[in-house]
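A short write-up of the structure that comes next.
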Amino acid sequence: MEGVEAYGFSAAMSGTFLLSCLLFAAINRRLRDPYMDEVFHVPQAQAYCHGRFLQWDPMITTLPGLYLVSVGVVKPAAWLFGWTGSVVCSAGMLRFINLLFSAGNFYLLYLLMSRLHQKNKAISGFQRILSTLTLAVFPTLYFFTFLYYTDSGSVFFTLFAYLMCLYGNHKTSALLGFCGFMFRQTNIVWAVFCAGNVVAEKLNEAWKTELQKKKEEKIYFRKGSFSDLIKILHFLVEYLISPKNLITFTALTWPYIVLVAMFFGFVFTNGGIVVGDRSNHEACLHFPQLFYFLSFTAFFSFPHILTPTKIRKFLVSLRKHPAQYTLITLISLFLIWKFTYVHKYLLADNRHYTFYIWRKVFQRHELVKYLLVPIYIFAGWSFADTLKSKSIFWTLVYVVCLLAVTVPQKLLEFRYFILPFLIYRLNIPFPSLYRQLLELAFYVVVNAVTFYLFLNRTFQWPNSGEIQRFMW
């Protein structure tokens with residue numbers, strides 16, 4: 001970072017943090033008591049603040065990373081500034097931890113953007129800063145910056161682990177992956193993703209060598225033909241069953257292997273991945289979650305996906321490969337028919353956007369979920385098309401991790417899509433400046449509407465006197 005770009009980055013980060021602090025103050029004036037899942041997280045953190053580390057609320061399903069970090073920040077700050085009484089580990093103080101994480105996320109997003117696109121000399125410093133600012137205010141993540149939830153810290157440690165992986169610091173990456181796991185158990189998938197990045201890089205080098213031997217020019221999986229896929233899968237199997245190559249991969253990824261082994265030890269000892277209340281967090285094969293994620297991604301990436309060029313390319317692809325798309329449609333219909341699950345929280349909690357999406361769209365008619373398949377297919381095609389700049393092996397690793405982190409979830413919850421979306425968005429080619437500005441403006445509008453509804457459109461349930469608020 002040099003000269004003007006450094007000043008621009010400092011201004012963007014400082015300005016965003018200042019505006020976030022003002023919004024934070026407005027929210028805390030209106031919302032002094034814990035809200036939603038905060039009623040579990042805040043008392044648990046306060047117990048840790050008072051040294052009661054053996055106390056645990058059985059309704060909490062995640063590990064205590066958030067509370068440990070909070071105490072590690074708040075207690076020294078209280079000693080340094082002489083804070084005493086109820087202000088220490090109050091709901092507002094604990095929420096401020098996530099505001100600090102959001103500043104860290106801003107910096108990490110910039111570093112990742114610079115690292116992942118360092119070979120593209122056409123990208124200006126202003127574009128990097130603009131994309132960083134856009135992702136820093138990504139609506140689903142940004143909203144939970146202001147509540148005492150695990151999302152901001154989970155994203156921070158996972159992005160930090162990914163950055164260290166890209167720089168080749170794999171022991172540090174695995175350690176940060178462990179920290180991410182302590183915030184949310186499913187983050188172990190992104191530690192595997194980091195290991196997969198290492199393997200994918202080696203596989204890509206070997207694949208290039210293989211193609212050069214055969215005097216072929218195709219290095220990446222560009223056309224999407226079935227024969228290309230068979231060739232790549234055949235190469236993959238042959239390469240991975242070689243003892244020499246397995247030893248090489250083990251030597252390169254052993255920190256992640258140790259972390260994954262610890263994870264399986266935890267699962268075996270704990271009797272499952274969820275701690276605390278498991279009754280509402282049962283794993284299942286909820287394949288339509290992938291379709292929901294693709295739709296979510298298309299919605300928040302529409303400046304890159306809904307372009308005349310993209311639509312024309314999709315229509316050409318449809319015309320050229322009708323048999324493939326017919327097969328994909330039939331498989332999608334079958335997965336929706338056999339593997340659609342509706343969590344009771346989705347139907348019962350009218351504070352979340354997902355409640356209204358499900359009621360206004362999916363519950364209009366039994367056939368609606370099937371009629372949405374063309375949208376899912378277009379979203380999936382666009383998703384794959386924007387990742388063509390990545391190697392086929394990287395894409396395979398990412399898709400496997402995406403399936404692992406979304407499909408087992410029974411509840412449709414947009415927070416589960418934050419990390420896979422950010423990693424996708426970081427890795428796609430830079431759009432034009434116009435589309436970047438459109439994306440940022442869209443995110444700002446969505447955030448403004450969400451916070452307006454949250455702060456001003458309150459309501460009450462018939463059997464409760466508590467104030468309820470709309471949220472993600």
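Annotations for the structure displayed:
- Of Glu5, Glu38, the residue with the largest accessible area leads and the full order is Glu5, Glu38 (1.4 Å probe).
- Remark: segment 282-431 carries a charge dipole of roughly 360 debye about the Cα centre, counting +1 on each Lys and Arg Cβ and -1 on each Asp and Glu Cβ.
- Shape call, segment 282-431: gyration tensor on alpha carbons, a/c limit 1.5: prolate
- Ordered from largest to smallest accessible area (heavy atoms of protein chains, 1.4 Å probe), the residues Val199, Val445 come out as Val445, Val199.
- Dipole magnitude of the chain, debye to nearest 20 (Cβ charges: Lys/Arg +1, Asp/Glu -1, about Cα centre): 1180
- Per residue value of the accessible surface for the chain (all protein chains in place, 1.4 Å probe), Å²: 49
- Seen against the Cα atoms of the chain and their longest principal axis, helix 188-213 is set at about 20 degrees.
- For segment 243-345, the dipole from Cβ point charges (+1 on Lys and Arg, -1 on Asp and Glu) about the Cα centre works out to 600 debye, to the nearest 20.
- Accessible carbon and sulfur surface of segment 19-143 relative to its total accessible area, %, 1.4 Å: 65
- In sequence order, calculated HN-Hα J values of segment 237-248 (Karplus, 6.51, -1.76, 1.60; Hz; x Gly/Pro): 5, 4, 5, 7, 7, 6, x, 4, 5, 5, 5, 4
- Taking all protein chains together and a 1.4 Å probe, the residues Arg457, Arg32 rank Arg32, Arg457 from largest to smallest accessible area.
- Formal net charge of residues neighbouring Asp385 (Cβ-Cβ distance under 10 Å; K, R +1; D, E -1): +3
- In the complete set of protein chains, residue-level accessible area for Glu466 is approximately 120 Å², probe 1.4 angstrom.
- Degrees between helix 170-183 axis and first principal axis of the chain (Cα, 0 to 90, nearest 10): 50
- With the charge dipole of segment 236-379 set up from +1 on Lys and Arg Cβ and -1 on Asp and Glu Cβ about the Cα centre, the Cα lying farthest toward the positive end among the listed residues Pro288, Val316, Trp337 is that of Val316.
- Dipole of segment 282-431, positive direction: furthest Cα of Phe362, Pro303, Leu346, with charges on the beta-carbon: Pro303
- Sum of side-chain charges, Cys284 neighbourhood, beta-carbon under 15 Å (Lys, Arg +1; Asp, Glu -1): +2
- Between segment 44-72 and segment 438-465, the Cα center-to-center distance that results, in Å: 29
- 222 nm mean residue ellipticity, helices alone, for the chain (DSSP H n ≥ 4; -39,500 (n - 2.57); rounded to 500): -22500 deg cm²/dmol
- Nonpolar atom fraction for segment 282-431, defined as the carbon and sulfur part of the 1.4 Å probe accessible area, stands at 70 percent.
- Degrees, to the nearest 10: 288-300 long Cα axis against longest axis of the chain: 80
- Within-15-Å neighbourhood charge of Tyr341 [Cβ basis; K, R +1; D, E -1]: +2
- Listed as lacking a disulfide-compatible partner in the chain: Cys21, Cys179, Cys284, Cys401, by the criterion of no other cysteine Cβ under 4.7 Å.
The values are calculated or read from the model by the stated rules, or taken from the named source; none is laboratory data. The model shown is predicted, which means the values in this text are computed figures rather than measured ones. When we count neighbours, we look across all protein chains shown, and the Cβ atoms used for this are built from the backbone with ideal geometry, even at glycine. Accessible surface is based on the protein model in full, side chains and every heavy atom, while ligands, DNA and RNA are left aside. Shrake-Rupley method; radii C 1.70, N 1.55, O 1.52, S 1.80 Å.
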